[in-house]
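First up is the structure itself, then whatever we jot down about it.
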Amino acid sequence: MNNKSKKQNITVLLPAGRLPLLILEKIRELAYRFDLELYCSTAQNIRLLNINKDDAETIKNELAALGTALKKPCIFPIPRVCIGEPHCKLGLIDTKLLSEKILDHFKDRSVKPKVKIAIAACPANCTNPVSTDIGIVATKAGLNLYAGGKGGSMPKIGRHIIKHGDDKTIIEAIEKLLDFHDTHTNKKQRMAKLLNHPEFPYPEAA
């Protein structure tokens with residue numbers, strides 16, 4: 001049997017891209033002990049690579065003991081964020097705070113695969129929210145929300161569905177979008193493929 005087939009990967013989820021020192025120390029210790037590689041993913045998480053199948057449960061249990069969240073099917077997507085205010089001079093909002101509000105509101109919710117969320121603290125769009133399933137862009141007038149963006153070999157800019165909203169308005173819209181996605185797809189599916197559905201909750205651009 002190919003040795004590669006015996007290897008597994010484990011992804012540690014990092015809300016707002018923050019890596020607590022306690023978890024960093026544990027990941028470092030595990031990497032040395034089990035001879036692992038570490039990969040910083042484009043979703044701002046850390047992936048432990050080349051894990052032997054027999055070691056996987058030990059690694060998962062030791063990470064879980066620190067309260068670490070691990071990637072698994074149907075888990076609510078951790079928003080991809082830029083550094084935001086006060087760490088960037090262009091930042092108009094605290095992206096960590098908005099991410100925390102979203103995760104707290106949806107903490108008990110599971111979602112169907114492929115939906116991603118991104119937040120940008122200003123119109124520079126460093127996290128590419130307009131090409132994400134659900135994207136939030138801060139402006140001086142409020143928060144803009146986009147739906148149905150995607151990257152890949154056939155990229156697509158999302159539909160601008162909310163203009164100059166506040167945190168509450170944006171979270172309510174995200175809930176409506178997720179309800180629609182859950183109802184109208186039975187498989188992995190990007191929001192972009194559902195924009196023209198007759199029941200899509202935001203048929204017109206803002």
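The values are calculated or read from the model by the stated rules, or taken from the named source; none is laboratory data. From a predicted model like this one, the values you see are computed outputs, not experimental measurements. Cβ coordinates were reconstructed from backbone atoms using ideal geometry, including for glycine residues, and neighbour counts include every protein chain displayed. Surface areas here come from the heavy atoms of the whole protein model, side chains and all, with no ligands, DNA or RNA. Shrake-Rupley method; radii C 1.70, N 1.55, O 1.52, S 1.80 Å.
Observations on the model:
- The phi torsions of the stretch 35-41, fed into the Karplus equation with coefficients 6.51, -1.76 and 1.60 and a -60° offset, translate into couplings of 6, 9, 9, 10, 10, 8, 6 Hz, rounded to whole numbers, with Gly and Pro shown as x.
- Accessible area (Å², per residue) of the chain, counting only protein heavy atoms and a probe of 1.4 Å: 57
- Once the Cβ-Cβ distance of residue 41 and residue 153 is raised to the sixth power relative to R0 = 22 Å, the FRET efficiency obtained is 0.70.
- Surrounding net charge for residue 151, when Lys and Arg each add one and Asp and Glu each subtract one, Cβ distance under 11 Å: +3
- Size estimate for the chain follows the Kirkwood approach: the inverse of mean 1/r over distinct Cα pairs works out to 18.2 Å.
- Restricting the calculation to Cα atoms, the stretch 110-206 yields a radius of gyration followed by a Dmax of 12.5, 39 Å.
- Long-range HN-HN contacts of residue 70 with modeled amide H, under 5 Å: 13
- Cβ crowding within 10 Å averaged over residues, with 21-28, 120-127, 150-157 ranked highest first: 120-127, 21-28, 150-157
- Solitary cysteines of the chain, where the nearest other Cys Cβ is not under 4.7 Å: 40, 74, 88, 122
- For residue 81, the residues whose amide H sits under 5 Å from its own are 119, ignoring neighbours fewer than 5 places away on the same chain, with H placed 1.01 Å from N.
- Principal semi-axes in Å for the stretch 48-156 [√(5λ), Cα gyration tensor, largest first]: 29, 17, 14
- Those GluC sites (Glu not before Pro) in the stretch 113-206 that DSSP places in a loop and that have at most 11 other beta carbons within 10 Å: 199, 204
- Per-q log10 I(q)/I(0), the stretch 1-101, q = 0.12, 0.23, 0.24 Å⁻¹ (Debye; single scatterer per alpha-carbon; no solvent): -0.46, -1.24, -1.31
- Separation of the alpha carbons by more than 23 angstrom is noted, of 156/187; 6/187; 71/150; 112/163, for 6/187; 112/163.
- Within the accessible area of the chain (1.4 Å probe), percent carbon and sulfur: 52
- Residue-wise HN-Hα couplings along the stretch 149-163, as the Karplus relation 6.51 cos²θ - 1.76 cosθ + 1.60 with θ = phi - 60° gives them from phi, are x, 7, x, x, 6, 10, x, 8, 7, x, 7, 7, 10, 10, 10 Hz; Gly and Pro carry x.
- Nearest-0.05 FRET efficiency for residue 57 and residue 199, computed from C-beta distance (R0 41 Å): 0.45
- Per-selection Rg to Rh, the stretch 34-93 - Cα, Kirkwood hydrodynamic radius: 1.09
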